[in-house]
Amino acid sequence: MSRTQIVALISAITLLIIVLELVRQRRLREEYSWLWLIVSVCYLLVALWAYPAKWLANVIGTTNIPLALNYLGLQFLMLILIQYSVRLSKLTNHVKALAQQIAILDSEQNKLMGEVMNNNGEDMHQDTHQVLEQSEILRQRIDLLQTELNKLAAASG
Amino acid sequence: MENMNDSREESSGIVSEASDPRVLVIIPAYNEAANIARVIQSVYKYAPKADVLVVNDGSRDDTAYLAEEAEAQVVSHPFNMGYGAACQTGFKYAWRKGYNYVIQMDGDGQHEPACIPDLLAAVEDPDVDIVLGSRWLGVNQYQGPILRKFGKFYFAFLAGLITRKKVTDPTTGFQALSRAVVQFYCTEVYPVDYPDADMLIVLDRAGFHVKEVPVIMYHNRTGQSMHSGLFRPMYYGLKMMMSIMMTLLRDDSSFRRHTPSPIMHKPFGSVKKTPSET
């Protein structure tokens with residue numbers, strides 16, 4: 001086993017463990033993890049056997065194995081980046097829908113709050129009216145009693 | 001408690017008379033403090049029965065406050081999301097509140113509110129689903145930059161070629177929409193950035209009837225156009241070409257009319273059915 005192979009093997013296993021561990025800890029969602037898993041498994045295969053890399057080099061028409069590996073890595077990175085763009089577009093749409101809904105609900109809530117405040121104001125207004133009316137009636141009664149008292153005082157001398 | 005319920009029903013306008021369709025004028029606005037109050041007053045002058053909704057698209061000036069002072073309803077985005085998103089917020093609001101017709105116009109004073117009755121009269125025809133206010137039909141005082149004029153004519157020509165209908169001004173932001181189109185626009189068919197000539201093809205494929213009516217438009221004096229500068233017109237042209245191509249490549253299922261997003265599925269209050277819905 002060559003030195004390069006050992007380094008590649010260690011890197012591949014580390015990558016695989018990191019991806020699996022992130023999924024286990026729920027820090028990476030399964031839907032995002034499958035591309036990374038494929039990448040790490042391919043990496044592992046290429047590190048273990050020379051044959052897949054040679055076969056790939058043959059397919060793309062070169063005898064340069066490092067070039068073939070670079071090509072493979074680049075393809076995977078591009079796929080992952082496209083996946084990110086798709087997710088980003090989806091998230092953008094979700095953020096837009098949420099912001100719109102918040103804006104509409106907020107305006108509705110403001111309106112309802114305004115109405116509740118106004119209603120309280122009206123109630124208070126009515127209460128004040130009632131209190132004023134009652135105090136007026138009481139005042140008249142006091143006046144009547146006062147006159148009665150005066151009359152009694154006059155009669156008693 | 002009873003008292004409160006009553007006033008809520010009243011304010012959400014559940015009562016809709018058959019002879020008196022409810023109309024909402026939607027004005028998407030971004031930093032329009034200079035013009036918004038004047039525009040709202042003018043709208044109320046020419047369409048006294050209509051409600052006005054200003055969609056404040058994350059403005060950094062007093063647009064929302066001034067619009068409220070001018071007695072418009074205001075919905076404020078938490079951040080700036082662009083012209084298309086602002087229009088769609090308005091459509092979602094109109095759909096939710098059960099409005100029968102929607103007028104869409106700009107808040108910078110470019111569109112003449114005196115033309116609203118013309119647009120409304122045209123959209124109230126049961127055979128028409130959406131009415132576009134055209135600056136090129138009849139009298140116009142609009143004189144835009146020559147390059148923009150050329151671009152707009154080119155896309156109008158292209159859209160006309162594809163839909164086989166003559167449309168002079170597909171990029172207009174001055175429109176009248178029936179409830180069926182409002183519902184259609186509440187779904188993801190509506191573009192996030194800015195709706196344009198490609199929407200005409202979308203409408204055509206969804207089977208809506210489009211009509212054009214001449215309106216008066218003024219050249220934008222104060223505000224900055226969405227398409228000004230050197231690179232933005234180029235981006236606009238490329239984006240339009242791509243949108244039109246993609247619209248043509250999609251299959252019919254993506255233009256099916258369906259009910260808008262999950263939580264918005266129930267309109268607020270009972271709604272009179274428009275002829276195009278039945």
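The values are calculated or read from the model by the stated rules, or taken from the named source; none is laboratory data. Keep in mind that this is a model prediction, so the values were computed, not measured. FYI the Cβ positions are ideal-geometry reconstructions off the backbone, even for glycines, and counts take in every protein chain you see. What goes into the accessible areas is simple: the full protein's heavy atoms, side chains included, and nothing from ligands, DNA or RNA. Shrake-Rupley method; radii C 1.70, N 1.55, O 1.52, S 1.80 Å.
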Worksheet item: Looking at region B:117-140, is at least one residue open to solvent by less than 30 Å² (accessible area, probe 1.4 Å), among the aliphatic types (A, V, I, L, M), under 11 Å from residue B:215 (Cβ atoms) and touching a helix residue (DSSP H, G or I) at 6+ places or on another chain (Cβ under 9 Å)?
Response: yes
Worksheet entry | Lone qualifier among A:93, A:150, A:110 - being out of contact with any Ser or Thr (no Cβ under 9 Å at 6 or more places or on another chain) and under 24 Å from residue B:192 (Cβ atoms) | A:93
Discussion item. Taking the condition of being surrounded by 14 or more Cβ atoms within 10 Å (Cβ to Cβ) and within 45 Å of the chain's Cα centre (by Cα), how many residues in region A:47-72 meet it?
Written reply: 9
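Would it be correct to say that residue B:271 is open to solvent by less than 80 Å² (accessible area, probe 1.4 Å), modelled with pLDDT under 65, assigned to a loop (DSSP other than H, G, I, E, B) and of a type outside the set (Phe, Trp, Tyr)?
yes
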Item to complete: Would you mind stating whether residue A:95 is modelled with pLDDT of 90 or more and within 14 Å of another protein chain (Cβ to nearest Cβ)?
Response: yes
Discussion item. Exactly one of these conditions fails for residue A:117: (1) more than 13 Å from chain B (Cβ to nearest Cβ); (2) among the aliphatic types (A, V, I, L, M); (3) under 30 Å from residue B:90 (Cβ atoms). Give me its number.
Written reply: (1)
Practice prompt. Output the strands (runs of 3 or more DSSP E) that fall wholly within region B:16-91 and possess 1 or more residues being over 16 Å from the mean Cα position of the chain (by Cα), or say none.
Written response: B:73-76
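Among the candidates B:70, B:64, which residue alone is within 11 Å of another protein chain (Cβ to nearest Cβ), open to solvent by 10 Å² or more (accessible area, probe 1.4 Å) and of a type outside the set (Phe, Trp, Tyr)?
B:64
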Worksheet item: Hey, among the residues in region B:179-205 that are within 14 Å of chain A (Cβ to nearest Cβ) and surrounded by fewer than 22 Cβ atoms within 10 Å (Cβ to Cβ), which one's farthest from residue B:236 (Cα to Cα)?
Response: B:187
Worksheet item: Are any residues in region B:147-178 assigned to a loop (DSSP other than H, G, I, E, B), open to solvent by less than 50 Å² (accessible area, probe 1.4 Å) and either on the phi > 0 side of the Ramachandran plot or not hydroxyl-bearing (Ser, Thr, Tyr) (or both), and if so, which ones?
Response: B:167, B:169, B:170, B:173, B:174
Practice prompt. Filter region B:78-93 down to the residues that are open to solvent by less than 10 Å² (accessible area, probe 1.4 Å) and facing another protein chain (nearest Cβ under 10 Å), then identify the one that is nearest to residue A:107 (Cα to Cα).
Written response: B:93
